[in-house]
Every structure is written in C-alpha cells, then in structure tokens.
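Right, one structure below, let's go through it.
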Amino acid sequence: MSKKTKKVAARKAKKATAKKKPVKHAPAKAAKTTRKVAPAKKAVKRPAKTKPANLLKGVSDIRRYFYRNEVPIYFISATNFNLLGADEWIKGFKFITYIDCFDGLHPNLMSPKTEEPHEEFQSIEDINNYLLTHSEVRDFIESRKMNGKNGKALFLMFDEKTEALAKKAGLEVIFPPAKLRSWLDNKVNTNRVAEKAGVPCVPYVLHPVKNFEHLLQVAAKGKLGNDLVVQTPYGDSGHTTFFIKTKEDYAKYAEEIEAEKECKIMKRINCRGAAMEACVTRHGTIVAPLMTELVGFKELTPYKGGWCGNEIFSDTFTPKIRAKARKYARLFGDQLRKEGYKGYFELDYLIDTDNGEIYLGELNPRMTGASSITNHAVFALSDMPLHLFHTLEWMNVPYEISVNALNRRWAKEENIDTWGQMVIKHTTDDVQRVTEAPRSGIWRMRDDGSIYFWRMDTHRRYVEKDNEAFFLRITRPGDWFYEGADMGILVMRGRMMTDDFQLTERSKKWLAAIRTQFKSVAPGAHGSNGHEHMLEIGGFKMM
C-alpha cells in the first residue's frame with residue numbers, strides 16, 4: 001500500500017470513529033401528577049366608612065329631629081316679625097321680644113311686662129342687649145334650662161357686646177361672629193367678595209370723597225357718568241343711599257359722604273329691585289326663589305329708594321334672570337363659606353331695565369325683612385324653611401342632604417305660590433301720639449272697601465282669599481308717630497304690584513283701610529298714659 005493510500009484510509013477510519021451528535025427528540029410527556037392548587041385569595045373587603053348612628057338622612061329626618069328637639073332655642077329681637085311661624089317647626093322654640101305685637105296672645109312669645117332702666121335705644125342691638133340683661137328675661141331663660149344648658153339664641157342684629165351678654169346668660173349665639181358679620185355688612189367689602197365670587201356688580205368705584213368736584217373726578221376715571229348713586233359703607237332701607245346728579249343733590253348729603261374713609265360710587269342705571277335669600281351649609285348653598293321688591297313708594301315710606309316690601313311669585317322677571325340670580329347666589333354663598341361664614345344671608349339684586357342685565361346690589365348677612373315671605377311659601381312648607389337649615393348648622397348633629405336636588409325643586413314654578421307684603425311707615429313730617437291701633441291677626445275687607453278684624457293668628461299661612469290679609473301691628477297705643485315710624489306689616493295672597501311696578505288698586509285699598517284703623521293726637525292732647533315710646537323698627541333703628 002502506498003504512502004498516499006495509507007493517509008486516506010486513516011482519515012476515513014478517524015471520521016468513522018468520531019462521536020456522533022446526539023439526535024434531538026421531543027421530550028417524553030411527564031406522567032400526570034396530582035398538583036396542589038393554592039386556594040384563590042379572598043377579596044379583601046375594605047371596611048365601609050361607618051356612618052354616625054345619629055346621622056340625619058334627608059329632609060324627613062331633619063324635620064323629625066326638630067320636632068323632637070330638646071334644646072331651648074330663642075329668637076331675641078325687637079319683634080318676632082322676621083321669623084314668624086318658626087315656633088311651629090322647632091319644639092322648644094320661643095320668641096323674646098321688646099314689643100309684643102300680639103297683646104299676650106301668642107303662645108310662644110315672651111315680652112317683659114316691666115320696663116327696667118336703660119339708656120336711650122339707638123339700634124336693635126341696643127334693644128337685644130337690654131333684653132339679655134332684663135331680670136324677667138334672665139329668669140325665663142333659667143326656668144327653661146335643659147340638661148344644665150340654657151340653649152341657643154338667634155338675633156336679627158347683634159354686636160360684640162351682645163355676644164358677651166349672651167355668653168353670660170349661658171346662651172350660644174347661632175350665627176357667625178359679629179366681627180365677621182360687620183365686615184361683610186360693609187357695602188365696600190360686599191363688592192370685594194362679589195369680585196372674588198365672579199358675581200357682577202353695577203359699574204362702580206370704591207373711593208373716599210372730598211367734595212362734589214372730587215366726586216365727579218373719581219366718577220370720570222371710572223367712566224361712571226355724571227348721574228351717580230353713592231352709598232356709605234353701612235346703612236339700610238335707603239337711609240344711606242344717595243342719588244346725586246347736581247351740586248345741590250350733593251350738598252344734602254355732603255357731611256355723611258365726606259365722613260367716610262371709603263364710599264361706593266356707582267353709575268346710576270334704570271333698574272328694578274329684586275331679592276333672594278339663601279343659606280350657606282356644609283353641603284353647599286341652598287337658594288330660595290327670586291322675589292320682587294317694593295321700593296320707594298311714597299304711600300309707604302318717606303325714604304327715596306327705601307325698601308318697603310316684597311312679592312314672591314313663580315314668574316318673576318324672566319327665566320334667564322331667575323337662572324342667573326340662582327347661579328350668582330350660589331357663587332356668592334360658596335365664596336362666603338371661604339370667608340368663614342355659614343348660615344342665612346340675603347342678596348339684593350338690581351335688574352337693568354335697559355339691557356336686562358342683573359347685578360348684585362347689597363348683601364345682608366342675616367335674616368331680613370323678606371324672611372317671613374320666604375319661609376312661608378309652598379316650597380318651604382313642602383320641604384322645610386330656610387331658617388331651619390340655618391339652625392341645623394349649629395345643632396352639632398351630622399346630616400346629609402342633596403343641595404342640588406333641593407335647588408332644582410325650589411326653582412320649579414309649581415313650588416312657588418304668590419304672596420306679597422308691604423311695610424307701612426308713617427310718611428308725614430309730624431309727631432303724633434297713637435291712641436288706637438289695629439290688632440295683629442287676619443282681617444277681612446267688605447265690598448265697600450272697609451275692613452274688620454276676623455280673628456287672631458300668628459302668621460299669614462291661613463289667609464285664604466283675596467278679601468283677607470294678615471296684619472302684624474308694630475306701633476301700639478301710647479307709641480309715637482313721626483316721619484319714618486313703622487306702623488305695621490300687611491301680608492296678602494296675590495300680587496301687590498302691577499307688571500310695571502306700580503301698586504295695584506287692591507293694595508291701595510288695603511293700605512288706606514289699615515291706616516284708618518290707627519288714631520292719633522298731637523303731643524300733649526288728652527294727657528299721657530305713661531307708656532310712650534318713640535320707635536322705628538323697619539329701618540332697624542330705634543329712637
């Protein structure tokens with residue numbers, strides 16, 4: 001074998017003996033084994049938020065809660081006009097008033113029988129402070145103590161002195177602090193709150209005023225024109241609202257205007273007044289329907305621009321205006337909550353008759369003269385009055401309500417019936433001592449226009465027909481008539497004004513008939529009965 005042949009044979013032999021790569025086969029199926037499956041994890045139930053056992057769920061529960069209330073609650077004021085009927089919603093609710101409008105016949109009203117020494121009243125705050133220190137009032141509150149507590153108190157008007165006296169009497173004031181209310185009551189601050197809330201105001205400037213020429217300069221910068229309305233920070237019912245077009249107009253009010261550090265100077269617009277009451281709660285702002293306002297009628301008030309009544313009816317102004325008013329009230333209420341306020345408030349709106357715009361006029365951080373109308377309307381009787389939502393905020397009880405559902409319900413036309421009230425003042429510039437005055441209650445009108453007292457009642461709910469009206473007497477025999485003195489409040493079903501905002505013939509008839517029920521004499525005539533008072537209630541000032 002040649003050398004070459006040997007090498008070839010050796011290579012073949014080596015190749016034949018080399019390890020062969022293993023052939024890959026599919027893996028054999030493993031024998032079935034019993035596999036232990038871990039049990040499925042149970043869904044972890046998060047504990048539901050525990051609701052308090054005493055949670056009030058909705059309006060029905062809240063109404064029941066107040067009907068079973070055991071906490072003494074008082075409304076302390078000059079009269080009980082602003083919260084007429086509240087005692088029928090809250091067990092243990094009592095009125096404590098300086099003037100007894102019902103001659104001792106109201107079942108839940110206490111008025112001191114004796115006059116104790118006091119300084120001359122300058123305000124309703126002064127009257128409330130007097131009542132809180134009166135021995136009869138203190139004894140009355142002490143006698144009604146429950147579980148060692150004297151209860152809670154509502155006031156129409158109060159100051160820091162009132163708060164201190166209430167605390168001394170063992171009463172909790174169920175309103176935001178007087179300091180905050182006073183700050184909000186300032187018309188200048190009201191506009192600042194409105195700006196934050198996004199609620200429009202009549203074009204205005206906030207500025208001090210030195211003289212008439214300076215007023216015109218300030219107005220020119222604000223593009224307000226020369227026909228102006230000037231308001232000082234505090235005031236009511238037209239007392240501190242001044243209409244100024246000429247130097248002569250300004251001269252009448254110069255002293256009051258120039259005394260202020262800052263005034264609200266507004267463009268004068270052709271407008272109608274409207275009012276809306278609302279309540280800031282922990283769940284949002286509840287809004288009552290829009291009301292018209294009776295303003296400046298010479299038959300009712302000597303004050304130009306002075307408030308003298310309200311109407312409530314389903315189709316006030318236009319649907320667009322009503323919707324805007326509700327929206328603005330909620331925005332304003334929500335801003336009030338941010339400012340630290342809760343509870344009842346009222347907004348005065350100005351509706352421009354030239355362009356249909358609605359503007360904020362004023363804020364009243366309290367119950368008002370319109371509250372009686374609001375809290376007796378159908379929507380309030382169907383659910384519960386606005387003042388009850390206010391009181392609930394201070395009752396230390398958890399509750400649930402749907403503010404949106406309430407506001408939708410209260411905006412429906414079928415939930416708003418038609419009522420009107422007029423506040424009647426003595427309009428002539430003289431002084432007379434009152435010898436006779438009509439009783440509070442329901443009166444009826446005869447076909448000839450004369451009226452007669454039908455029966456005593458404590459509010460207007462049971463007035464049924466057009467020939468009936470409820471009258472709340474303010475001025476008593478022995479009191480004095482003088483320009484601006486409040487005589488009483490007349491409440492009727494139906495409208496009091498025409499669509500062009502004039503008093504209806506029916507309103508005029510009732511007004512004339514009620515006035516004839518008052519008799520008065522000149523000072524000094526027929527002697528004195530020893531019970532003379534000089535009072536002004538509706539304007540919230542007393543003299």
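Residues that are loosely packed, with under 14 Cβ neighbours inside 10 Å, without any contact (Cβ under 8 Å) to a residue 60 or more places away in the chain and of a type in the set (Lys, Arg): does segment 150-171 have at least one? Among the residues of segment 150-171, at least one is loosely packed, with under 14 Cβ neighbours inside 10 Å, without any contact (Cβ under 8 Å) to a residue 60 or more places away in the chain and of a type in the set (Lys, Arg), which makes the answer yes. Hey, does segment 236-245 have a residue that's over 26 Å from GLY333 (Cα atoms), buried (at least 18 other Cβ atoms within 10 Å of the Cβ) and not acidic (Asp, Glu)? Looking through segment 236-245, at least one residue is over 26 Å from GLY333 (Cα atoms), buried (at least 18 other Cβ atoms within 10 Å of the Cβ) and not acidic (Asp, Glu).
When PHE75, PHE121 are checked against the criterion of being at pLDDT below 95, within 20 Å of ARG473 (Cβ to Cβ) and either surrounded by fewer than 18 Cβ atoms within 10 Å (Cβ to Cβ) or in contact with a helix residue (DSSP H, G or I) (Cβ under 6 Å, 6 or more places away or on another chain) (or both), PHE121 stands alone in meeting it. For segment 280-321, the tally of residues that are under 17 Å from the mean Cα position of the chain (by Cα) and not β-branched (Val, Ile, Thr) stands at 12.
Filter segment 172-186 down to the residues that are in contact with a Gly (Cβ under 7 Å, 6 or more places away or on another chain) and buried (at least 20 other Cβ atoms within 10 Å of the Cβ) and list them by number.
Of the residues in segment 172-186, the ones in contact with a Gly (Cβ under 7 Å, 6 or more places away or on another chain) are 175-176, 180.
The answer is PHE175, PRO176.
In segment 208-234, of all residues being surrounded by fewer than 19 Cβ atoms within 10 Å (Cβ to Cβ) and under 29 Å from MET157 (Cβ atoms), the one that is modelled with the lowest pLDDT corresponds to TYR234.
Does segment 277-293 contain any residue that is basic (Lys, Arg) and farther than 30 Å from GLU413 by Cα? Within segment 277-293, not a single residue is basic (Lys, Arg) and farther than 30 Å from GLU413 by Cα. Among the numbered conditions (1) under 21 Å from PHE155 (Cβ atoms); (2) part of a loop (DSSP other than H, G, I, E, B), the only one that SER372 does not meet is (2). All conditions in (1) in the same structural domain as PHE297 (by TED's automatic domain parsing); (2) of a type in the set (Lys, Arg); (3) at pLDDT below 95 hold for ARG408, with the sole exception of (3).
Restricting attention to segment 191-222, the residues that are touching a Gly at 6+ places or on another chain (Cβ under 9 Å), of a type outside the set (Phe, Trp, Tyr) and closer than 23 Å to CYS271 by Cα add up to 6. Those strands (runs of 3 or more DSSP E) of segment 409-510 in which at least 2 residues are out of contact with any Gly (no Cβ under 8 Å at 6 or more places or on another chain), considering only elements entirely within it, cover 432-436, 441-445, 451-455, 468-473, 486-493.
Going by the conditions given, is VAL193 in contact (Cβ under 8 Å) with a residue 12 or more places away in the chain, within 19 Å of the chain's Cα centre (by Cα) and more than 30 Å from GLY356 (Cβ to Cβ)? Criteria not met by VAL193.
Tally up the residues in segment 108-162 that are in a loop (DSSP other than H, G, I, E, B) and either under 23 Å from the mean Cα position of the chain (by Cα) or not assigned by TED's automatic domain parsing to the domain that holds PRO72 (or both), please. Residues in segment 108-162 being in a loop (DSSP other than H, G, I, E, B) and either under 23 Å from the mean Cα position of the chain (by Cα) or not assigned by TED's automatic domain parsing to the domain that holds PRO72 (or both): 6 in total. State yes or no: is LYS298 part of a helix (DSSP H, G or I) and either modelled with pLDDT under 95 or surrounded by fewer than 21 Cβ atoms within 10 Å (Cβ to Cβ) (or both)? In short, no.
Identify, please: which residue in segment 246-267 is in contact with a His (Cβ under 7 Å, 6 or more places away or on another chain) and either in a loop (DSSP other than H, G, I, E, B) or not aliphatic (A, V, I, L, M) (or both) and is, among those, surrounded by the most Cβ atoms within 10 Å (Cβ to Cβ)? Within segment 246-267, the match that is surrounded by the most Cβ atoms within 10 Å (Cβ to Cβ) is CYS263.
Among the residues that make up segment 400-419, is at least one of them closer than 27 Å to TYR303 by Cβ and either of a type outside the set (Gly, Ala, Ser) or within 22 Å of the chain's Cα centre (by Cα) (or both)? Explain how you work it out, then say what you get.
The first filter runs over segment 400-419 and keeps only residues closer than 27 Å to TYR303 by Cβ, leaving 418-419.
Now restrict to residues that are either of a type outside the set (Gly, Ala, Ser) or within 22 Å of the chain's Cα centre (by Cα) (or both): 418-419.
Yes, some residue in segment 400-419 is closer than 27 Å to TYR303 by Cβ and either of a type outside the set (Gly, Ala, Ser) or within 22 Å of the chain's Cα centre (by Cα) (or both).
Selection of segment 452-490 for residues being out of contact with any His (no Cβ under 8 Å at 6 or more places or on another chain) and aliphatic (A, V, I, L, M) yields MET456, VAL463, ALA469, LEU472, ILE474, ILE489, LEU490. The sole residue among LEU165, LEU184 that is assigned to a helix (DSSP H, G or I) and under 27 Å from CYS308 (Cβ atoms) is LEU184.
Of all residues in segment 329-350, count the ones that are assigned to a helix (DSSP H, G or I) and surrounded by 19 or more Cβ atoms within 10 Å (Cβ to Cβ). Break it down into steps so the answer makes sense when it comes.
Quick first cut of segment 329-350, residues assigned to a helix (DSSP H, G or I) only: 329-338.
Filter once more, keeping what is surrounded by 19 or more Cβ atoms within 10 Å (Cβ to Cβ): 329-330, 332-333, 335-336.
Result for segment 329-350: 6.
Quick check on my filter: what residues within segment 307-325 are assigned to a helix (DSSP H, G or I), of a type outside the set (A, V, I, L, M, F, W, C) and buried (at least 20 other Cβ atoms within 10 Å of the Cβ)? If the condition is that a residue be assigned to a helix (DSSP H, G or I), of a type outside the set (A, V, I, L, M, F, W, C) and buried (at least 20 other Cβ atoms within 10 Å of the Cβ), then ARG322, LYS324 are the ones that fit. Residue under question is ALA169, and the condition is that it be over 24 Å from the mean Cα position of the chain (by Cα) and of a type in the set (Gly, Ala, Ser); does it hold? Here the answer is yes, as ALA169 does meet what is asked.
The values are calculated or read from the model by the stated rules, or taken from the named source; none is laboratory data. Values in this document were obtained by computation on a predicted structure and should not be read as measured data. With ideal geometry, Cβ positions are generated from the backbone for all residues, glycine too; neighbour counts draw on all protein chains shown.
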